[in-house]
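Each remark here refers to the structure printed beneath this line.
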Amino acid sequence: MKLYFAPNSRAVRIAWLLEELGLDYEVEKYSVGDRALRTPEYYKIHPMGRIPVLEDGQVRIYESGAIVQYLLARYGDGKFSPDVEDPMFPEYLQWLHYAEGSIMGQVNILVVETILLPPEKRNDVNVNRAKKLLGVALGNVDSRLVDRDYLTGTFSGADIMTGHACFGAMRAGADISEMTNLDSYVNRLLKRPALEKARSL
Ligand SMILES: N[C@@H](CCC(=O)N[C@@H](CS)C(=O)NCC(=O)O)C(=O)O
């Protein structure tokens, strides 16, 4: 398998899962904002010039959530994802998709408005709104963790997706100082050797 990867990006999610599953993979390494992602060659790999992309034989797939679902369906052998008959399955899907659906949109706005745009183009209304919505989205994760260590009880693909989105939110400046469950959760995830390996690539 080949993973199109960049450090400090959503591609870490995929390397993390590949490590958790003990699967062999090679990495083609870029950086976020790399001009090499905006070339006709790379647009054939991902039509919008993004990472991650996973190649597995004849399969080429992008969207980190879809890649996590693909890898677990194909190679998970029952690990890190409840069976479709398990009452936890719908909640698992909900938390798997929460990362991109409810967290990362606001993270993207914060990154654009506080890092990428030149100061004269930044807009405080957008920043404050994104911080507020992110606070609500992260507060919901914090509440979910009040009586469990992981989003669906045991560690799963949902933690890879939404846990990683929480790291991204914190890096973008989200304030989680009052979210003690979330704080412990993030530290718990950071202790996993597979994540440590993925973050060192
Ligand atoms: N929803 C997509 C988002 C993909 C995405 O935006 N990736 C960013 C990195 S986290 C990217 O490729 N940025 C490179 C660039 O824009 O230069 C996913 O979850 O895979």
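Listed values for region 50-65 are Karplus-derived 3J(HN,Hα) couplings in whole Hz (6.51 cos²θ - 1.76 cosθ + 1.60, θ = phi - 60°), namely 10, 10, x, 10, 10, 10, 9, x, 7, 8, 10, 9, 10, 6, 4, x, and x replaces Gly and Pro. By the rule of a C-alpha distance below 20 Å, with chain neighbours fewer than 8 residues away ignored, the lysines paired with residue 191 are 79. In order along region 153-167, the phi-based Karplus estimate (6.51 cos²θ - 1.76 cosθ + 1.60, θ = phi - 60°) of 3J(HN,Hα) comes to x, 9, 4, 8, x, 5, 6, 5, 6, 6, x, 5, 4, 5, 4 Hz; Gly and Pro are listed as x. For the chain, a crude dipole built from +1 on the beta carbon of Lys and Arg and -1 on the beta carbon of Asp and Glu, taken about the Cα centre, is about 700 debye to the nearest 20. Report the rotationally averaged projected area of the chain based on its alpha-carbon convex hull, in square nanometres. Reported value for the Cα convex hull: 11.9 nm².
Near residue 73, once Lys and Arg are set to +1 and Asp and Glu to -1 for all other residues with Cβ below 13 Å from its Cβ, the sum equals -1. Close amide H pairs (under 5 Å, H built 1.01 Å from N) link residue 152 with no residue at least 5 positions away or on another chain. Note on region 144-201: Rg/Rh from Cα positions, Kirkwood definition for Rh, rounded to two decimals, is 0.95.
DSSP finds beta bridges in region 1-106, and of those with both partners inside it, around 65 percent are antiparallel. How large is log10 of I(q)/I(0) for region 89-192 at q = 0.22 Å⁻¹ when the intensity is taken from the Debye formula with one equal scatterer per alpha-carbon? One equal scatterer on each Cα of region 89-192 leads to -1.11.
Once the piece of chain linking residue 59 and residue 149 is laid out straight, how much longer is it, given 0.36 nm per residue of separation minus the C-alpha distance between them?
Gain on stretching residue 59 to residue 149: 29.0 nm.
One chain, two ends: residue 184 and residue 31. Fully extended at 0.36 nm per residue, the span grows by 52.1 nm beyond their Cα-Cα distance. Sequence-distant contacts, meaning Cα pairs under 8 Å at least 6 residues apart, place the relative contact order of region 2-80 at 32 percent.
Residues 134, 37, arranged from fewest to most other Cβ atoms within 10 angstrom of their Cβ, appear as 37, 134. For the chain, the relative contact order is 24 percent, taking Cα pairs closer than 8 Å that sit 6 or more residues apart in sequence and dividing their mean separation by the residue count. Model label points for residue 129 and residue 200, set 7 angstrom from Cα along the Cα-to-Cβ axis, are 4.3 nm apart. In straight-distance terms, cross-link reach from residue 131 covers every one of the aspartates and glutamates whose alpha-carbon lies under 19 Å from its own, apart from those fewer than eight places away in the same chain; here that gives 100, 113, 142, 175, 178, 183. You can think of it this way: the chain between residue 94 and residue 8 has 28.5 nm of extra reach, that is 0.36 nm per residue less the Cα-Cα gap. Backbone geometry of region 39-47 corresponds, through the Karplus equation with coefficients 6.51, -1.76 and 1.60 at θ = phi - 60°, to 3J(HN,Hα) couplings of 10, x, 5, 6, 4, 6, 7, 9, x Hz, x marking Gly and Pro. Of the trypsin sites (Lys or Arg not before Pro) in region 75-162, the ones in a loop by DSSP (not H, G, I, E or B) with at most 15 other beta carbons within 10 Å are 79, 122, 148.
Bridges between two residues of the chain, per DSSP, are antiparallel at a rate of about 70%. Each 5 Å bin from zero holds the following percent of Cα-Cα pairs in region 1-83: 3, 15, 28, 26, 16, 8, 4, 1, 0.
Bear in mind that the values in this text are calculations on the coordinates, not laboratory data. All values derive from a computational prediction rather than experimental measurement. No Cβ is skipped: glycine too gets one built from the backbone with ideal geometry, and neighbour counts run over all protein chains shown.
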